[in-house]
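Chemist: The structure follows.
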Amino acid sequence: MAKRPATSKSTLATPRRKQIADERSATAMAPKERPPALDPALQRRVVVEGVRPEVDGGRFPIKRVPGERVIVTADVFADGHDELAAALLYRQAGDAAWREQRMALTTNDRWQAAFTVESPGSYEYTVEGWVDRFATWRRDLIKKVDAGQEVTSELLEGSELIRETAAGAGEHATELQQHAARIADSASTAAARIAAVRSDDLRRLMTAHPDRRFGTRLDRVLGVLVERERARFGAWYEMFPRSAGTDPGRSATFAEAAGRLPYIASMGFDVLYLPPVHPIGRSFRKGPNNTLTPGPGDPGSPWAIGSDEGGHMAIEPGLGTLDDFDSFVEAAARHGLEIALDIAFQASPDHPYVREHPEWFRHRPDGTIKYAENPPKKYQDIYPINFESAQWPALWQELKRVFEFWIGHGVRIFRVDNPHTKPFRFWHWVLGELHREHPDTIFLSEAFTRPKVMRYLAKCGFSQSYSYFTWRNTAAELTAYFTELTQTDVREYMRPNLFANTPDILHEYLQRGGPPAFAIRLVLAATLGASYGIYSGFELFENVPVKEGSEEYLDSEKYQIRPRQFDRPDSLAGLIRAINTIRRAHPALQHDHGLAFHPCDSPELICYSKRSVDGTDLILTVVNVDPFHMQHGYVQLPLADWGFTPHDTVEVHDLLSSERYYWRGAFNYVRLEPGSRVAHVLHVRLPRPLGDLPGLPDTR
């Protein structure tokens, strides 16, 4: 067999070599391509993150009232070892220009500054950080000088840096040029040139004109909802005006209800809250104790809104006319009381909406409208509104008009019934619109529901929120709950209003605890919360449930007229008056911030203090939460936090009894007897003002 001729490797590779050569030749002949353009933002070396306060990454605003500070902190850092600077930018929403406050480095890349909100409305803020080239140069040069090193070149570098800054420094340009010349002057002594570098005037000018071309600004703008002071602090009293007369067989009028105003004002309340005052439907009207068989004279529930006399923008005829309502609002104002009106978006079967806009309600397959249910409970006297109807834009605008109607009649505070059964987005829209158009309005969310839902409603714009206070009765429960409300981020957007009772809620604690239980809950509500409320009859110790295990009142005022004898000698009105007087006199009790709990060796005693933002006012409260038995024990005071030494005498003045005590040391004995004294509310005489409490909004 003949051998095949040997094949040269170079012969086999020739086509491939030719291909490579051709490609190189083509590349050499082709025009050179430019590299892709890069975003100039890539030159920003500084990181800005961890900005506080903020709610859900800035989706919702924090809340303040005029005169309060917003203390802002942020993590601002960069690669390397350059000196940094940061600024807090803020403005009223709608302003074109930002106002600015330089931030101070506190610790571990954490920076802080603050601004004060001045009027109701919306504010915005953000944070910007940048590399401070001048401060970096100055720091390094001084280090070299102190080490005895030659710095001629560094002086020239700094002079040029200052000249660059002078070019855009406006009225300060000449001064900066002079500083640059002194630093660069080789004819001058080294000591004189170094002295020019160390000049405080130079540092001030360069700080005022920083090079922020490559500064990093937080990628979002954060918001502040600023509401008037009543959104933060106030005492509420709830009253059914139809019960203000003496005849249980007929509704009292607004004119008669005005006769109760001096009594309510005398107890020191700020807000008088009225259940719905609209016409009440007759279809499926409820009788006494929520029965389905009303008598001909039964008034029905005020929450079954709407009849032939009108709907949400009309007055129940038994109360009078719209003019009578206006007169009542004016009379309340003369007594220092604001009217809060209940807004309940639901309708009786007789409501004009049912006839005029049946499309705003849900329908059964047979075409009839569905009544409200909370299985197994049925509410045949009301129809829920369908917020998802095809005609929802017209519906939403109409409901907004309900608020606007009552705003036009002098109402600036609204208690909103069951907002958790309506869409979040509706509340976010309507409250945002109303706050923008009427920044003095206040909205209380009546939502006893799951914690996340309650919080989200607060984020949506409700000024205040009902809370779980009613169901927190032990010292341990109260401590845990109010620590959550006042010492976590929740405090930035959710303001609790602590109602001790409501027409719907008579807690077992009040049912069984007798008068001491009412006094205990009053003191707790009024001193733990800046806003609190009671429902009429609380001061008379009304405590009988409709049946065992129920939180509903027997002969509930929701379904019948309940005149009362308020001048009883055993009334709690005197204690209420004293508590509200104390609250108005002491700034420490006018904020939800500043609350601290202190150890006590008895589980039935709860001890806590509240301090004012500026640290000049301190209230210490000790309450026996056991309404049946005397309790005693030692409370432990944080003497060092209050500016005392362990050997100082602490003078405390009991604002309820006018007694004074002189305590020595951190541990002090307390004895509280339910039959005579359920609590101490003590004003602590401080050796000196404590100073601003970190993280608190200041009001000065």
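The values are calculated or read from the model by the stated rules, or taken from the named source; none is laboratory data. Computed from a predicted model, the values in this text were never measured in an experiment. Heads up, the Cβs are rebuilt from the backbone with ideal geometry, glycines too, and the neighbour counts pull from every protein chain shown. The area values use the complete protein model at the heavy-atom level, side chains included, leaving out ligands, DNA and RNA. Shrake-Rupley method; radii C 1.70, N 1.55, O 1.52, S 1.80 Å.
Chemist: Would you point out which residue out of R355, R364 is open to solvent by 40 Å² or more (accessible area, probe 1.4 Å), in contact with a Lys or Arg (Cβ under 7 Å, 6 or more places away or on another chain) and among the basic types (K, R)?
Modeler: The unique qualifying residue is R364.
Chemist: So, in region 106-136, of the ones that are buried (at least 21 other Cβ atoms within 10 Å of the Cβ) and hydrophobic (A, V, I, L, M, F, W, C), which residue ends up farthest from the chain's Cα centre (by Cα)?
Modeler: Checking each candidate, the answer is F134.
Chemist: Something else: Could you tell me whether E68 is in contact with a strand residue (DSSP E or B) (Cβ under 8 Å, 6 or more places away or on another chain), closer than 29 Å to D440 by Cβ and charged (D, E, K, R)?
Modeler: Spelling it out, E68 is indeed in contact with a strand residue (DSSP E or B) (Cβ under 8 Å, 6 or more places away or on another chain), closer than 29 Å to D440 by Cβ and charged (D, E, K, R).
Chemist: If you don't mind, there's one more thing I want to ask. Quick one: which residue in G67, G80, G129 is in contact (Cβ under 8 Å) with a residue 24 or more places away in the chain, of a type in the set (G, A, S) and within 30 Å of R436 (Cα to Cα)?
Modeler: After applying the criteria, what remains is G67.
Chemist: Whether any residue in region 528-543 is of a type outside the set (S, T, N, Q), open to solvent by 40 Å² or more (accessible area, probe 1.4 Å) and assigned to a loop (DSSP other than H, G, I, E, B) is what I want to check.
Modeler: Among the residues of region 528-543, not one is of a type outside the set (S, T, N, Q), open to solvent by 40 Å² or more (accessible area, probe 1.4 Å) and assigned to a loop (DSSP other than H, G, I, E, B), which makes the answer no.
Chemist: When the residues of region 310-331 are narrowed to those that are surrounded by fewer than 19 Cβ atoms within 10 Å (Cβ to Cβ) and among the charged types (D, E, K, R), which ends up farthest from F269 (Cα to Cα)?
Modeler: Ranking the qualifying residues of region 310-331, first place goes to D323.
Chemist: Among the residues of region 480-498, is any open to solvent by less than 10 Å² (accessible area, probe 1.4 Å) and over 17 Å from the mean Cα position of the chain (by Cα)?
Modeler: No, that holds for no residue.
Chemist: Next question, about the same structure. For a quick check of your reading of the model, give me the residue pairs whose first member lies in region 183-194 and is on the phi > 0 side of the Ramachandran plot, whose second is open to solvent by 70 Å² or more (accessible area, probe 1.4 Å) and assigned to a helix (DSSP H, G or I), with beta-carbon atoms closer than 6 Å and at least 6 apart or on different chains.
Modeler: Sorted first by the residue in region 183-194, then by its partner, the list stays empty.
Chemist: Counting just the residues of region 458-479 that are over 17 Å from T527 (Cβ atoms) and of a type in the set (A, V, I, L, M), which one comes out surrounded by the most Cβ atoms within 10 Å (Cβ to Cβ)?
Modeler: If we take residues in region 458-479 being over 17 Å from T527 (Cβ atoms) and of a type in the set (A, V, I, L, M), then A458 is surrounded by the most Cβ atoms within 10 Å (Cβ to Cβ).
Chemist: Taking only pairs six or more apart or across chains, which ones have beta-carbon atoms under 7 Å, a first residue in region 560-575 that is open to solvent by less than 80 Å² (accessible area, probe 1.4 Å), and a second residue that is aliphatic (A, V, I, L, M) and modelled with pLDDT of 95 or more?
Modeler: R564/L540; S571/L540; L572/A519; L572/L522; A573/M267; L575/A519; L575/L522
Chemist: Mind checking which pairs have a first residue in region 468-483 that is under 18 Å from C600 (Cα atoms) and a second that is charged (D, E, K, R), Cβ under 7 Å, 6 or more apart or different chains?
Modeler: A475/E604; L478/R472; Y481/R472
Chemist: Okay, moving on. Could you go through region 332-344 and let me know if any residue there is over 18 Å from T441 (Cα atoms), open to solvent by less than 30 Å² (accessible area, probe 1.4 Å) and either of a type in the set (K, R) or outside any loop (DSSP other than H, G, I, E, B) (or both).
Modeler: Checked region 332-344: no residue is over 18 Å from T441 (Cα atoms), open to solvent by less than 30 Å² (accessible area, probe 1.4 Å) and either of a type in the set (K, R) or outside any loop (DSSP other than H, G, I, E, B) (or both).
Chemist: Just one of G594, G537, G533, G574 is within 33 Å of the chain's Cα centre (by Cα) and modelled with pLDDT under 95; which is it?
Modeler: G594
Chemist: Right, next: Output yes when any residue across region 386-397 is in contact with a strand residue (DSSP E or B) (Cβ under 6 Å, 6 or more places away or on another chain), crowded, with 21+ Cβ neighbours inside 10 Å and at pLDDT 95 or above, and no when none is.
Modeler: Within region 386-397 (the criterion being in contact with a strand residue (DSSP E or B) (Cβ under 6 Å, 6 or more places away or on another chain), crowded, with 21+ Cβ neighbours inside 10 Å and at pLDDT 95 or above), the answer is no, since none of the residues qualifies.
Chemist: How many of the residues in region 242-285 are under 37 Å from the mean Cα position of the chain (by Cα), among the hydrophobic types (A, V, I, L, M, F, W, C) and either open to solvent by 10 Å² or more (accessible area, probe 1.4 Å) or at pLDDT below 95 (or both)?
Modeler: The number of residues fulfilling the criteria is 5.
Chemist: Further, regarding this structure: Scan Y661, Y669, Y608 and give me the residue that is assigned to a strand (DSSP E or B), open to solvent by 20 Å² or more (accessible area, probe 1.4 Å) and in contact (Cβ under 8 Å) with a residue 24 or more places away in the chain.
Modeler: Testing whether each residue is assigned to a strand (DSSP E or B), open to solvent by 20 Å² or more (accessible area, probe 1.4 Å) and in contact (Cβ under 8 Å) with a residue 24 or more places away in the chain leaves just Y669.
Chemist: Which condition breaks for T73 when tested against (1) open to solvent by 30 Å² or more (accessible area, probe 1.4 Å); (2) closer than 30 Å to R232 by Cβ; (3) polar (S, T, N, Q)?
Modeler: Here T73 clears every test but (1).
Chemist: A further question on this structure: Does V652 satisfy the condition of being touching a residue at least 24 places away in the same chain (Cβ under 8 Å), within 25 Å of A480 (Cβ to Cβ) and either of a type in the set (A, V, I, L, M) or open to solvent by 60 Å² or more (accessible area, probe 1.4 Å) (or both)?
Modeler: It is false that V652 is touching a residue at least 24 places away in the same chain (Cβ under 8 Å), within 25 Å of A480 (Cβ to Cβ) and either of a type in the set (A, V, I, L, M) or open to solvent by 60 Å² or more (accessible area, probe 1.4 Å) (or both).
Chemist: Here's another thing I want to ask about it. Only one residue in G410, G432 is in contact (Cβ under 8 Å) with a residue 60 or more places away in the chain, out of contact with any His (no Cβ under 7 Å at 6 or more places or on another chain) and surrounded by fewer than 20 Cβ atoms within 10 Å (Cβ to Cβ). Which one?
Modeler: Sole residue among the options that is in contact (Cβ under 8 Å) with a residue 60 or more places away in the chain, out of contact with any His (no Cβ under 7 Å at 6 or more places or on another chain) and surrounded by fewer than 20 Cβ atoms within 10 Å (Cβ to Cβ): G410.
Chemist: List pairs: first in region 418-429 and more than 12 Å from W396 (Cα to Cα), second of a type outside the set (S, T, Y) and part of a helix (DSSP H, G or I), Cβ under 8 Å, 6+ apart or cross-chain?
Modeler: P419/W427; P419/L457; H420/V453; H420/M454; H420/L457; F424/L457
Chemist: While we're here: State whether the residues of region 480-491 include one that is under 24 Å from Q565 (Cβ atoms) and among the aromatic types (F, W, Y).
Modeler: No.
Chemist: If you check S307, S348, which single one turns out to be open to solvent by less than 50 Å² (accessible area, probe 1.4 Å), touching a Pro at 6+ places or on another chain (Cβ under 7 Å) and hydroxyl-bearing (S, T, Y)?
Modeler: Residue meeting the stated conditions: S307.
Chemist: Working carefully through the options A517, A525, find the one that is open to solvent by less than 10 Å² (accessible area, probe 1.4 Å) and within 22 Å of D342 (Cα to Cα).
Modeler: A525
Chemist: Regarding R232, is this residue more than 30 Å from T527 (Cβ to Cβ), basic (K, R) and either open to solvent by 10 Å² or more (accessible area, probe 1.4 Å) or in contact with a Leu (Cβ under 9 Å, 6 or more places away or on another chain) (or both)?
Modeler: no
Chemist: Quick check on this structure: which one of S327, S301 is in a loop (DSSP other than H, G, I, E, B), out of contact with any Leu (no Cβ under 8 Å at 6 or more places or on another chain) and not aliphatic (A, V, I, L, M)?
Modeler: Result: S301 is the single residue among S327, S301 that is in a loop (DSSP other than H, G, I, E, B), out of contact with any Leu (no Cβ under 8 Å at 6 or more places or on another chain) and not aliphatic (A, V, I, L, M).
Chemist: Given the criteria more than 25 Å from T581 (Cβ to Cβ), open to solvent by 40 Å² or more (accessible area, probe 1.4 Å) and in contact with a Gly (Cβ under 9 Å, 6 or more places away or on another chain), does P288 qualify?
Modeler: Yes: the conditions hold for P288.
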